[in-house]
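Student: Structure incoming, see below.
The values are calculated or read from the model by the stated rules, or taken from the named source; none is laboratory data. The model shown is predicted, which means the values in this text are computed figures rather than measured ones. Here Cβ is always computed from backbone atoms with ideal geometry, including for glycine, and neighbour counts include all displayed protein chains.
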């Protein structure tokens, strides 16, 4: 189907940064997806073996769902509203009210229950984001950035996706939308926001207290130790966990390599915003780290399919190499950002 008047559907690499870009762009603030991702402090790593998601230990390569939009809005001077609900009825009623008022509304929900998503892509993941841009009768018009076009979604399915109570990280029917944008968009100074995004990325990866060894670059080292011990739980369980790791890395959002490529694109753009050419060099290094993650995923998928070309010890060693690569990358990036006070504007 065609999208409603005055709405430009945006196909994106990642759902939340794509939704944020679409909401900003369609309200007159034309930012790229990498810039949104960087302003939102999106790059991260965490491995929490004690949290089960889809039957596998949780591994994440990005910040908690919802934070990219919130931080990017703050750093671009966009005022926004974020609302959660105690009941599906209240959440759907509020969505209809906002659509009647002319708003296009971002939602966080469980991608599994969206009927237009191909079955091969359906997993129980409650951190998916999309934009509702209209409603006709009992059917909503949905602009989902992981899809090529606008789709129809029946109200019952959308409600189920928003309020599915089958997994952790529930968003309580979270909806969000811009309420006002900064004046003088052509003269908007992004340097303070870029500086804040760079600082947050370095803090995420380097400065989380040692009592939380699951996060940042230390989290990659923690995952390496877990992977080395997985065979003790039996071949089937170990392969299931490896398959889950690949899914979180390459199929949920843009994953390990993809988020590093997205952050690299932000660094490349940031060098022009700030006039700091060293950020372009850091972009190249970040792309190389993304390549390492992609190679890891290739070997991991072969183990999951019973066609291994690496042992679990080999995979743990690859993760230790990634730990060292990301440690060096973000340590150097931290030095670069602190050495250039003009980044703060």
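Student: From the list 187, 199, pick out the single residue that is touching a residue at least 40 places away in the same chain (Cβ under 8 Å) and either surrounded by fewer than 19 Cβ atoms within 10 Å (Cβ to Cβ) or outside the structural domain of residue 128 (by TED's automatic domain parsing) (or both).
Tutor: 199
Student: Can you pull out every residue in region 152-164 that is crowded, with 18+ Cβ neighbours inside 10 Å, over 20 Å from the mean Cα position of the chain (by Cα) and in contact (Cβ under 8 Å) with a residue 60 or more places away in the chain?
Tutor: Hits for region 152-164 are 158, 159, 163.
Student: I would also like to ask the following. Of the residues in region 301-336, how many are modelled with pLDDT under 95, part of a helix (DSSP H, G or I) and either within 23 Å of the chain's Cα centre (by Cα) or exposed (fewer than 14 other Cβ atoms within 10 Å of the Cβ) (or both)?
Tutor: Count: 1.
Student: So, residue 136, is that one surrounded by fewer than 17 Cβ atoms within 10 Å (Cβ to Cβ), closer than 30 Å to residue 47 by Cα and not assigned by TED's automatic domain parsing to the domain that holds residue 302 or not?
Tutor: No: the conditions fail for residue 136.
Student: Checking the conditions here, which among 34, 65, 4 is within 15 Å of the chain's Cα centre (by Cα) and at pLDDT below 90?
Tutor: Sole residue among the options that is within 15 Å of the chain's Cα centre (by Cα) and at pLDDT below 90: 65.
Student: Consider region 271-284. How many of its residues are touching a helix residue (DSSP H, G or I) at 6+ places or on another chain (Cβ under 6 Å) and crowded, with 17+ Cβ neighbours inside 10 Å?
Tutor: Step one: of region 271-284, the residues touching a helix residue (DSSP H, G or I) at 6+ places or on another chain (Cβ under 6 Å) are 271, 273-274, 277-280, 282-283.
Subsequent filtering for residues that are crowded, with 17+ Cβ neighbours inside 10 Å retains 271, 273-274, 278-279, 282-283.
So the answer is 7.
Student: Turning to a different aspect of this structure: When you check residue 292 against the structure, is it closer than 21 Å to residue 46 by Cα, surrounded by 22 or more Cβ atoms within 10 Å (Cβ to Cβ) and in contact with a helix residue (DSSP H, G or I) (Cβ under 6 Å, 6 or more places away or on another chain), yes or no?
Tutor: no
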